[in-house]
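First up is the structure itself, then whatever we jot down about it.
The values are calculated or read from the model by the stated rules, or taken from the named source; none is laboratory data. Note that the coordinates shown come from a computational prediction; the quantities given were computed from them, not determined experimentally. Ideal geometry is used to build each Cβ from the backbone, glycine not excepted, and the neighbour counts take in all protein chains shown. When the accessible area is computed, the model is the full protein with side chains, heavy atoms only, and any ligands, DNA or RNA have been set aside. Shrake-Rupley method; radii C 1.70, N 1.55, O 1.52, S 1.80 Å.
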Amino acid sequence: MHREAAWDVDVHQAGYDETTFHFGSQSEGTTTPGLQSDTDQLRTFNNVNIMYSWADWQQGDINLLMVRDEDTPPQHYLLQWIRSDIPQPVTHTDNPDYVTDSHGRVFYSNMTDVRWAAEAYGDEHIRHGPSNSWSEELDSVLAFHCNTLPPEIMSWFTWMQHGFWPSQETLQAARMCPCFLVPDGYNGSPTEQIEWRITPNLIERLLMFSLSMVPIKCLVVLKMLKKQEFVKYIHCEKCKFTTFHCKTALFFTLNRTPPTVWTKSRLIECMVSCLQTILEFLNQGECPHFIVEGVDLFDGKLCRGCQLSLERAIRGMIQDDMHVLFHIQSDDLGQRLMALPHEVRPYPGDNVNANICGKLARDMFEHYLSDVSVVCSKLCNNEEANMYTSLYNEINLLESLTMNPSTTQYQKNYIKFMLKYLMSVKTSVTSSSCIQVGQPLQQDIWQLYGESLNTDVASSKLKLASMFYCQGELRRAESVLSEVEFDLVDSVQPICGCGRTPYNEKLSKAFCEYTVQNYSHDQLTKKLSFCVRFLREEKFCAPRFLWCEMYRAVGDDVDHRDINEREWMDWAEVDAQPFLLYLQYLTYRGLGVRHRQLEAFHGLEDIVSSSDKLNQLYHLETVLNLFGHCCELEGDVLRALSLYNLSLHNQPRNNAANFHKQRLELMLNDYN
């Protein structure tokens, strides 16, 4: 919900009339860190009117009529373009997004979003079924919402009256959920590129949200079995047993099993019931869709040979009293079960629950920080106004959104975060301008600092300390740095919105446990440390050595940045803990407090000398460069040069170490 709110605010700011939904395991809470689930995003345009009949036509809108022929595959429709001035079909077009068939009908192509994504993301664009992806974390699909539920979904409400689940209240709520058309043609169909598949995602999400913990645990374990065990018995390259097959089996099992069965003490029994439902599907060679009538989910996914192979394997697992659970490696489930006394071997949900809460909290704020990068990039590239004016306008726009009655609480939480972060940037940009011209900071700037210091545990305070250092107010810098040092404890979780994943990413156990009970934005920021960022417009608030990070490109380096790096690589970014130590080194060097200066030096040395700590950094090359600078200041030029070489080994392009290495090599040549 938080991500949906954040995305909707972003697209509305950009002038698009879209609504965003997030589906799948992350939004449902049915994943674990070991399952490494991505995010499934669905974007729907609100200015497109999908007509089920001619009575649905709306003047002035983009009207698309749902059409089915005798040969149209189940669950699929064609979208015929209807004029916006009168309710008549469009009969000709040069628009590349539309295709004209042999009868002169003009249909909307399901390849339009693919073309847009390919143009926007180039080689980074990947097609996954109806979705487009430009990273491993997100699958995004364009969709249109239907104003009317089609017959193949409406019939579900009739036969759902008979069964143990879902409840009548859930069914009543489901009637209010729109369904969507996604660009996914039936494989091998002659009209594949103009077919749109009907999908009741919101109904499915509503059903998932209605579940108690026991069926959720069953689904998580089914996913683990699918990922580790089921895959061994599927030998055809194009065949796969999917997470959606697991979810469908759970839904059918819930529908025909009394609710009294779904208790913690009968978890394994419920698990076996789900597997028996899968066996039933495999035996009959058909997996019906739980909601959409007339659809076989095995069609095009699992051939008959693989169905029979998997059926034999699952029968063996059940006959072996589910000992297969003790061999599941994901999230160390098997080892955890083996470690428990035999009489108390339930699914160890508490630890997994904490990990899930921690991961979701981290992912949410990483998404927020990524959005900040996009906004800052837009502001920096605004040729019509200076940075200060752009920030002022952006902040005013966000503040106006908070006053809009239609803004949801989730959106308000996101806007509050964005406002606080952008206020921090505005404060630093203003201070940088004053320092550049030697002007003292006015009272209003100090007030701005007071309002923007709590974006997280460390980053905004470190920028304040850096500003004091650049002004020559070393005692004030020391005071702020001491406060950050006290707060930056092991339970604080480092995160960054740069799109990178550290080589050895770890979630703090204490942070995960904290998120189970403390899930408000304000509470979570007390346990998060963001990477420290300086825009070029803030550079006079940053140590001069960091300026090189803002101009790191050499030759054609810019062409070798991925989609996320294009947003931030013209700025300086560094992990909070190493930057704290670097600033302490510079500050105590200026104060002449040698023993504290050496403490900071050895603290940095400890980080770069430990592969475990180094591999947990988001900006490893920058940290190596900073320690190289410290070695230079210590007079150890050869060690500094080796650190710059190590930095380049990890990040050959777009690395300021290229400048530092060249500078030291010239100096050594002159010396020799």
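Quick look at the numbers
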read-out: Estimated FRET transfer efficiency when R0 is 60 angstrom, pair GLU483-ASP321 (beta carbons, to 0.05); value: 0.55
read-out: Computed helical MRE - 222 nm, the chain, DSSP H runs ≥ 4 contributing -39500 (n - 2.57), nearest 500; value: -15500 deg cm²/dmol
read-out: Sparse-neighbour loop sites [GluC sites (Glu not before Pro); segment 535-642; at most 15 other C-beta within 10 Å; DSSP]; value: GLU634
read-out: Charge dipole (debye, nearest 20) of the chain; +1 at Cβ of Lys and Arg, -1 at Cβ of Asp and Glu; value: 1500
read-out: Pairwise label distance in nanometres, LEU666 with ASP101, each label 7 Å out on the Cα-Cβ vector; value: 6.9
read-out: Anisotropy class of segment 620-667 from Cα gyration tensor, a/c 1.5 cut; value: oblate
read-out: Fraction of accessible area attributable to carbon and sulfur, segment 360-501 (%, probe 1.4 Å); value: 49
read-out: R0 of 56 Å, Cβ-Cβ distance LYS509-GLN442: FRET efficiency to nearest 0.05; value: 0.80
read-out: Selection of GluC sites (Glu not before Pro), segment 381-437, meeting DSSP coil and at most 14 other Cβ within 10 Å; value: GLU383, GLU384
read-out: Rounded, prolate or oblate (a/c below 1.5 giving rounded, otherwise prolate when a/b exceeds b/c) for segment 370-504 by Cα gyration tensor; value: oblate
read-out: Cα gyration tensor category, rounded, prolate or oblate, for the chain with a/c compared to 1.5; value: prolate
read-out: Low-density loop cleavage sites - GluC sites (Glu not before Pro) in segment 224-279, where at most 14 other Cβ are within 10 Å (DSSP); value: GLU237
read-out: Residue-normalised accessible area of the chain, expressed per residue, 1.4 Å probe, Å²; value: 45
read-out: Extension gain, THR158 back to HIS602 (0.36 nm per residue minus Cα-Cα distance, nm); value: 152.7 nm
